[in-house]
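Everything on this sheet refers to the single structure shown next.
Since every read-out is calculated from the coordinates, none of them should be taken as a lab result. Everything numeric in this text was worked out from a predicted model, so none of it was measured. Cβ: placed from backbone, ideal geometry, glycine included. Neighbour counts: every protein chain shown.
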Amino acid sequence: MVRCLHLVAAVGMAALLAFSGGAAAAQQGPIKIGLIVPLTGVFAANGRDMANGLALALARAGGKAAGREIQVLAEDEGTPAQALTKARKLVELDRVDLLAGPLRADSGLALRDYIDQQKIPAMYLIVSADDITQRLRTPWIVRTGWSSSQPNHAFGEYAAKVLKYSRMVTVAYDFAFGWETVEGFQDTFEQDGGRVVAHLWPPIGAPDYSPYLSRIPRDVDAVYATFSGGDALRFLQQYRDFGLEGRIPLIGNGTLTDEHILFQEGDLAKGIVTPLHYSAALRTEANREFVRTYVKTYNRVPSYYSESAYTGGLFILRGLEAVRGNVADRAAFVAAVRRVVLPDAPRGPVRLDEYGNPIQNEYVRRVEIVNGEPQNTVIFTYPNVSQFWSMNPEEYLKKPVYTRDLPPAHP
């Protein structure tokens, strides 16, 4: 079922305000955005934050662009197959002008061919599957979030050179997102002298991690993990229960301690180091102002899902203004979005490369307890990081995409 703006609030997301534009804009009718996010299931909290972030960006613009009202139609993402069905409905029945979302990497990959065939503009606010803006790129998809390996390339170097780890085990989701975060980390970690001795791949929603935790060698320097939402919380609790906390340092992908779940993790997350392009504790005036407004609006600290959707909303708004609200010219709108540069987004400066992926800062964060609350304190910044790390894009794209065991572990 489509959730229009006033119904979005019923599932914990903010309703946008609708404003009337001028006579000409009114005659054109509203600009319709089809938003595909998880509204139920394991990742519902992530989807809530995405919807909240986009809603805040649009509401701060008065709910319109170039004099035209903006209407958001939200659908529950579900599985990749269900996400494709929802996209078809939004495009072919609801006649949306552009798509935004989804969350999961495999859902983003499932929608790719349909988006390309329909030539419908799609803003990937969160989907981080590397190939979306690499070997499988299409002019119709613009990614405003990140690619899975992007922060982890930087973090692999950091783990080897700064944390001085040499032997590691990875434990991560057994689908594209998990593979690409792990393998991106491993690629640079091993280039800098480290060694990943084993990959462990639990499924989404695994209730019991003991079969994986029991396989961690006790002579490794650290464990790297990729989880999100309730899975991240459950993994940290079982890592402690299994007696590994304090014995083998735990680091991981940024979603492991992201603010959408961090306050439930509490001291379970203390000391964990992760990379990501955002932290709610980032000490810039743009971020402080964003956090204040978000907390006032939603009574919760923004997560990276919130900020990514908010900043994605800014890209959409700037693109709409550039084409004066004329979304009928889809190619011109997408081209306008690709030219947007945001010097002071909450995450910091961000622009898009020629492949449609952000070039942005990547922050190494450590969870600290400040005034009784956990936060991702930024301890190091890699500025202007590309999805291709330090490689020439053409050379990078000659390599195969990271997969479950590429590169392989080296026992």
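How high is the relative contact order of the range 232-327, in percent, counting Cα pairs under 8 Å that sit 6 or more residues apart?
24 percent
Name the shape class, rounded, prolate or oblate, that the alpha-carbon gyration tensor gives for the range 34-164, where a ≥ b ≥ c are the square roots of its eigenvalues, rounded holds for a/c under 1.5, and otherwise prolate holds if a/b is larger than b/c and oblate otherwise.
Here the range 34-164 falls in the prolate category.
Rank 28, 375, 150 by mean-square fluctuation in a GNM of the chain with C-alpha springs under 10 angstrom and give only the top-ranked residue.
28
Can you tell me, using C-alpha contacts under 8 Å and at least 6 residues apart, the relative contact order of the chain as a whole percent?
17 percent
Run lengths n ≥ 4 of DSSP H only: what is the helix-derived mean residue ellipticity at 222 nm for the chain, with -39500 (n - 2.57) per run over all residues, to the nearest 500?
Helices in the chain give a 222 nm mean residue ellipticity of -11000 deg cm²/dmol.
Pairing the Cα long axis of helix 229-241 with the longest principal axis of the chain, what angle in degrees results, from 0 to 90 and rounded to the nearest 10?
With rounding to tens, the tilt is 10 degrees.
Could you tell me the distance between the Cα centroids of the range 335-411 and the range 154-173, to the nearest Å?
16 Å
Which of the trypsin sites (Lys or Arg not before Pro) found in the range 81-115 are loop residues per DSSP with 13 or fewer other Cβ atoms within 10 Å of their Cβ?
Qualifying residues, ordered by number: 95.
Identify the GluC sites (Glu not before Pro) of the range 338-402 meeting these criteria: DSSP loop state and at most 12 other C-beta atoms within 10 Å of the C-beta.
Filter output for the range 338-402: 354.
Take the cross-link list 32/86; 64/89; 86/119 and give me the ones stretching past 20 Å between alpha-carbons.
With Cα atoms farther than 20 Å apart: 64/89.
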